[in-house]
1. Tell me, what is the per residue accessible area of the stretch 19-125 in Å², probe radius 1.4 Å?
2. Note the full-extension length gain between residue 32 and residue 60 as 0.36 nm times their separation in residues minus their Cα-Cα distance, in nm to one decimal.
3. Could you size up the charge dipole of the stretch 2-84 around its Cα centre, putting +1 on the beta carbon of Lys and Arg and -1 on that of Asp and Glu, and report it in debye to the nearest 20?
4. Where does the chain land at 222 nm, in deg cm²/dmol rounded to the nearest 500, when only DSSP H runs of n ≥ 4 count, each adding -39500 (n - 2.57), divided by all residues?
5. Restricting to DSSP loop positions (anything but H, G, I, E, B) with no more than 11 other Cβ atoms inside 10 Å of their own Cβ, which GluC sites (Glu not before Pro) remain in the stretch 68-100?
6. Describe numerically, in nm with one decimal, the distance between label points set 7 Å from Cα along Cα→Cβ at residue 120 and at residue 43.
7. Put +1 on the Cβ of each Lys and Arg and -1 on the Cβ of each Asp and Glu in the chain; which of 80, 7, 42 then has its Cα farthest toward the positive end of the dipole?
8. Taking amide H atoms as placed 1.01 Å from N in the peptide plane, list the residues 5 or more away in sequence, or in a different chain, whose amide H sits under 5 Å from that of residue 120.
Amino acid sequence: MVLSADLDPVWRPCILEDQDAQVKAYFARRLDLTGTEVGSLLADPNQTVRLNCARRSDLSAEQVERCVRDRDPNLRYFIARSPQLTEEQRARLLADEDELVRRAAAKGPKARGTRQRPGQAPLIR
């Protein structure tokens, strides 16, 4: 349902409150999320939900900063490849305590692709 191309808008707030992190993680990959929905997902306690948001190319400057400061090195790893990083943010990630985050930041920006299967909404890969 969360990947459906014709998802009824009435379900969107329910999905954001769903107890199953996998449901929210798939929802986070939809291209049609609002800034408020992305913000809610970035505040989720589950790292996989936040990680799927870090791959987005439509994050606000505040959302990018939130990802850069996240406690989870896996999330910092994904945001380290974002073309939205400022030079100061990239410098902080180049000096990160986690070696893989530092390596990702050194590689520079990576374009994220999308995919859409029949009947599904466009998703971030």
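1. 54 Å²
2. So the extension gain works out to 8.6 nm.
3. 440 debye
4. On the way: 8 runs with 60 residues, N = 125.
Here the helix-only value at 222 nm equals -12500 deg cm²/dmol.
5. Numbers: sites: 87, 88, 97, 99; in loops: 97.
Taking the stretch 68-100 and a limit of 11 other Cβ atoms within 10 Å, the loop GluC sites (Glu not before Pro) found are 97.
6. In this crude label model, residue 120 to residue 43 measures out at 2.9 nm.
7. 80
8. 5
The values are calculated or read from the model by the stated rules, or taken from the named source; none is laboratory data. Owing to the predicted nature of the structure, the values given are computational and were not obtained by experimental measurement. Reconstructed Cβ throughout: ideal geometry from the backbone, glycine too, with neighbour counts over all protein chains shown. The protein model used for the area step is the full one, side chains on, heavy atoms only, and it has no ligands, DNA or RNA in it. Shrake-Rupley method; radii C 1.70, N 1.55, O 1.52, S 1.80 Å.
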